[in-house]
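This report refers to the structure that appears directly beneath it.
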């Protein structure tokens with residue numbers, strides 16, 4: 001006997017439907033469990049935009065029913081996340097089919113509400129699944145759990161589940177890039193080569209079997225601090241000379257700026273691209289601008305992309321890649337200057353004698369450099385609007401394993 005969820009005799013007419021090929025406009029027929037179909041007109045292989053997992057969302061035999069999903073479909077994480085969470089819910093509940101059925105009914109109701117309200121379906125269903133688990137977890141710890149206890153238990157469990165589902169991918173991406181970078185360092189004569197090689201071997205061993213640390217189910221925390229990013233409508237700066245003295249930009253707007261520093265280990269290549277884009281070829285800016293990419297690889301790529309030309313036009317002082325002003329012993333700003341810096345700390349006299357240092361983003365430092373002052377919220381948003389349209393390109397990391405010159409050198413290192 002076939003699984004009823006996948007047996008066609010249990011389907012209704014909505015299980016078979018037609019979609020339009022995005023390449024040629026022809027009609028392509030799909031069954032609800034087709035992962036993809038090939039267009040008979042142009043040959044384009046089209047992902048099923050309405051793939052329905054049905055009971056396979058939580059069934060242990062789902063993979064046998066549906067097979068391996070195409071890579072491009074897996075990439076649609078907003079649509080698939082709810083199904084991946086549903087699988088984790090099933091694993092958590094094991095053979096408690098009563099609770100599984102209840103959670104699925106809750107999810108169906110949540111889906112209806114989400115569709116009616118135009119909400120993000122994946123996020124809504126994940127929240128429904130995970131809140132129900134929070135109630136189960138809290139009931140196991142407390143005789144009559146309060147709303148806060150349910151939310152607390154749900155958040156911890158949700159963090160663990162979502163961490164397992166999503167946390168590995170960016171770490172894997174970073175480490176693959178890092179292996180190629182370390183091999184290039186060995187080829188360039190960085191010391192100690194044996195230490196770098198040991199690190200490469202350890203990283204490659206983890207990549208072969210990636211596992212992440214997880215908090216114990218009964219772990220206790222000294223405090224849980226929640227910040228709703230939706231409430232942050234403008235940049236935040238740390239004021240002179242205390243990194244804990246944080247204020248919204250609007251509270252300090254108009255403060256005259258003498259010098260600006262874009263650099264330190266807090267920055268990556270995207271921040272320099274963004275700063276150069278904001279400067280936009282401006283000449284003779286009223287602020288002395290210091291630019292120091294954190295690594296020579298960043299500096300080299302920024303030069304190739306033409307961003308150093310923007311810094312040069314603005315009259316910026318481009319420092320040797322590294323710590324520069326952040327160290328306080330390689331260079332210093334003018335005594336008594338008021339500075340906007342992207343560095344990590346603004347303790348008294350660190351960047352220069354008797355200085356007043358604000359800590360902020362590279363984008364804010366670039367805007368302040370053009371204006372000679374800390375901008376208003378409106379001035380900042382207007383000046384950084386040029387970044388939004390090209391954000392994907394501007395903030396793209398340097399994946400060394402995907403850059404030909406680095407990848408080729410890495411092949412020469414055993």
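The values are calculated or read from the model by the stated rules, or taken from the named source; none is laboratory data. Since this is a predicted model, take the numbers as computed values, not measurements. Heads up, the Cβs are rebuilt from the backbone with ideal geometry, glycines too, and the neighbour counts pull from every protein chain shown.
Tabulated data for the structure shown
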item: Identity of the residue in region 279-292, part of a loop (DSSP other than H, G, I, E, B) and modelled with pLDDT of 95 or more, that ends up surrounded by the most Cβ atoms within 10 Å (Cβ to Cβ); result: 287
item: Cβ pairs under 6 Å, 6+ apart, first in region 180-204 and closer than 18 Å to residue 411 by Cβ, second assigned to a loop (DSSP other than H, G, I, E, B); result: 183/413; 186/413; 187/413
item: Hey, residue 200 assigned to a helix (DSSP H, G or I), over 27 Å from the mean Cα position of the chain (by Cα) and either over 25 Å from residue 133 (Cα atoms) or not assigned by TED's automatic domain parsing to the domain that holds residue 368 (or both) or not; result: no
item: Positions within region 313-362 being in contact with a helix residue (DSSP H, G or I) (Cβ under 6 Å, 6 or more places away or on another chain) and surrounded by fewer than 21 Cβ atoms within 10 Å (Cβ to Cβ), in sequence order; result: 318, 321, 330, 331
item: Among residues of region 230-251, those that are in a loop (DSSP other than H, G, I, E, B) and free of Cβ contacts under 8 Å to residues at least 12 places away in the same chain, counted; result: 3
item: The lone exception for residue 203 - which of (1) within 19 Å of residue 375 (Cβ to Cβ); (2) modelled with pLDDT under 95; (3) surrounded by 14 or more Cβ atoms within 10 Å (Cβ to Cβ) it fails; result: (1)
item: In region 293-314, residue farthest from the chain's Cα centre (by Cα) [restricted to those that are within 25 Å of residue 183 (Cα to Cα) and not in a helix (DSSP H, G or I)]; result: 305
item: Residues located in region 252-278, provided they are in contact with a helix residue (DSSP H, G or I) (Cβ under 8 Å, 6 or more places away or on another chain), surrounded by fewer than 19 Cβ atoms within 10 Å (Cβ to Cβ) and either within 13 Å of residue 340 (Cβ to Cβ) or without any contact (Cβ under 8 Å) to a residue 24 or more places away in the chain (or both); result: 253
